[in-house]
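All remarks here apply to the structure that follows.
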Amino acid sequence: MKRLVVALSAALLLGACGTAPETSAQVSDAKAVVQADGKFNDTDVMYLQMMVAHHEQGLEMVRLAEKTAKRDDVKILARAVDATQSDEVTLMKSWLTQWRKPTTVDHAPSAHADHGGLPATGPEEIEALRKAKGAAFETAFLNLFVAHQHNAVEMTQVEKTGGVNAETKAFADRVHDSRTDQIKQMLTMMNA
């Protein structure tokens, strides 16, 4: 499954930057990738809205790491996450738009009480990360981002147990697996 996601991402990136000629089959495949046809329910919508917000927080953190980190492995991880999550935000918003649903989530804590609340990295934590420098930044980033990606893994359970849209459930599976792998990678990096 991971190879399929990587292959699809590579094909989309190559087609988008003009380095490979676009064929009608590639256009058709790209359209198939971004469609979330079939029935959907409130859980599918809520999951995507929450993940858009979660991803946008993650993007804020990795973009700080791209600029501030000194370690090459941290910078490489940040760039990879930036590329992946930027594409995923576009995909999720396209599905919500296709369903004629808002692409943003209600940030009021009471709006998400039924499913354990909206997992979030607080503004204080991001501000502390902004102020950290050198090795302290990398330690803070890795610790914060492990927790952030753990929240993404937990959020997939909501979709996997309550969602009905096949594409959204498959997306949740991919998020679960890729973020679990990222967490393992970052834990190894923390002990390096």
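What follows draws every value from the coordinates through simple rules; no lab data is involved. Bear in mind that the values here come from a model prediction, so they are computed numbers and not experimental data. Cβ placement follows ideal geometry from the backbone for every residue including glycine, while neighbour counts extend to all protein chains displayed.
Miscellaneous remarks
- Gain on full extension, evaluated as 0.36 nm per residue between D73 and A135 minus their Cα-Cα distance, stands at 21.0 nm.
- Local electrostatic count at A147 - Lys and Arg +1, Asp and Glu -1, tallied over other residues with Cβ under 12 Å: -1
- Pairs of Lys residues in segment 35-190, spaced 8 or more positions apart or belonging to different chains, with C-alpha separations under 30 angstrom: 27 in total.
- Local net charge near T188, Cβ-Cβ under 12 Å (Lys/Arg +1, Asp/Glu -1): -1
- Among L91, P102, V62 the positive-end extreme of the charge dipole of segment 51-102 (Cβ point charges): P102
- Segment 35-190: equivalent-ellipsoid semi-axes (sqrt of 5 x gyration tensor eigenvalues, Cα, Å): 28, 16, 14
- Segment 172-192 residues near the modelled H150 label - backbone nitrogen below 16 Å, point 7 Å along Cα→Cβ: 179-191
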